[in-house]
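The values are calculated or read from the model by the stated rules, or taken from the named source; none is laboratory data. Note that the coordinates shown come from a computational prediction; the quantities given were computed from them, not determined experimentally. Reconstructed Cβ throughout: ideal geometry from the backbone, glycine too, with neighbour counts over all protein chains shown.
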Amino acid sequence: MKKTIEQYSVYFLITVSFLLIISCVTKRTAAAEETTTDTKIGEKYTVTVPIIYQNFINKKGVENPDHKEMYIDYSGQKYFIKFCESNVNQKSLENYLSTINSSPKVVTLEISILKGLWICDKNINYSDSLTDGINMPQSRMGNYAIVHKIVMDKE
């Protein structure tokens, strides 16, 4: 009779441990889902976002202060602006930003979030500061933004 109680105790302990582990994993997954945005890849959104300039950082972690990249801060994430696919070029956006006196510079844009390579043309000869020493740009990929248009303030 004593062995039976010990056996049930072991089974009970294993079952409780298993349920506890499952509970923790479920909570972690639910928390991760809550922090993701409802942004759908490829859809157009009109958003009011700050524009952020960041120094280029290569794969080795070396920062290049001579080369700044533009990002938008949308839904708590920073998205690289890929101008070669955008209807708005970098110079136009910079000119518009120069008319804004606030810091950070906040602008209303029509954008899409896409996923893929950030590079525009693999045949372009980039400066050595942007390469890994073989005259090929570094391949960075992930979600990025394209700008369809700047939504001007109606005054």
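For Phe80, all conditions in the list (1) in a loop (DSSP other than H, G, I, E, B); (2) of a type in the set (Phe, Trp, Tyr); (3) at pLDDT 90 or above hold save one; what is the number of the exception?
Every listed condition holds for Phe80 apart from (1).
Take Ile41 and tell me if it is at pLDDT 85 or above and touching a helix residue (DSSP H, G or I) at 6+ places or on another chain (Cβ under 8 Å).
Spelling it out, it is not the case that Ile41 is at pLDDT 85 or above and touching a helix residue (DSSP H, G or I) at 6+ places or on another chain (Cβ under 8 Å).
Is there a residue being outside any strand (DSSP E or B), charged (D, E, K, R) and touching a Pro at 6+ places or on another chain (Cβ under 8 Å) anywhere in segment 55-69?
Filtering segment 55-69 for residues outside any strand (DSSP E or B) gives 58-62.
Of the ones still in play, those that are also charged (D, E, K, R) are 59-60.
Narrowing the set further to residues that are touching a Pro at 6+ places or on another chain (Cβ under 8 Å) leaves none.
No.
Going by what's in this entry, would Lys44 be described as touching a Phe, Trp or Tyr at 6+ places or on another chain (Cβ under 8 Å) and not hydrophobic (A, V, I, L, M, F, W, C)? Before the answer, list the steps.
Working: touching a Phe, Trp or Tyr at 6+ places or on another chain (Cβ under 8 Å): no; not hydrophobic (A, V, I, L, M, F, W, C): yes.
Here the answer is no, as Lys44 does not meet what is asked.
If you take the residues in segment 66-88 that are touching a Phe, Trp or Tyr at 6+ places or on another chain (Cβ under 6 Å) and not aliphatic (A, V, I, L, M), which one is surrounded by the fewest Cβ atoms within 10 Å (Cβ to Cβ)?
Among those that are touching a Phe, Trp or Tyr at 6+ places or on another chain (Cβ under 6 Å) and not aliphatic (A, V, I, L, M), it is Lys68.
Within segment 108-126, track down each residue that is under 15 Å from Asn87 (Cβ atoms) and modelled with pLDDT under 85.
If the condition is that a residue be under 15 Å from Asn87 (Cβ atoms) and modelled with pLDDT under 85, then Cys120 is the only one that fits.
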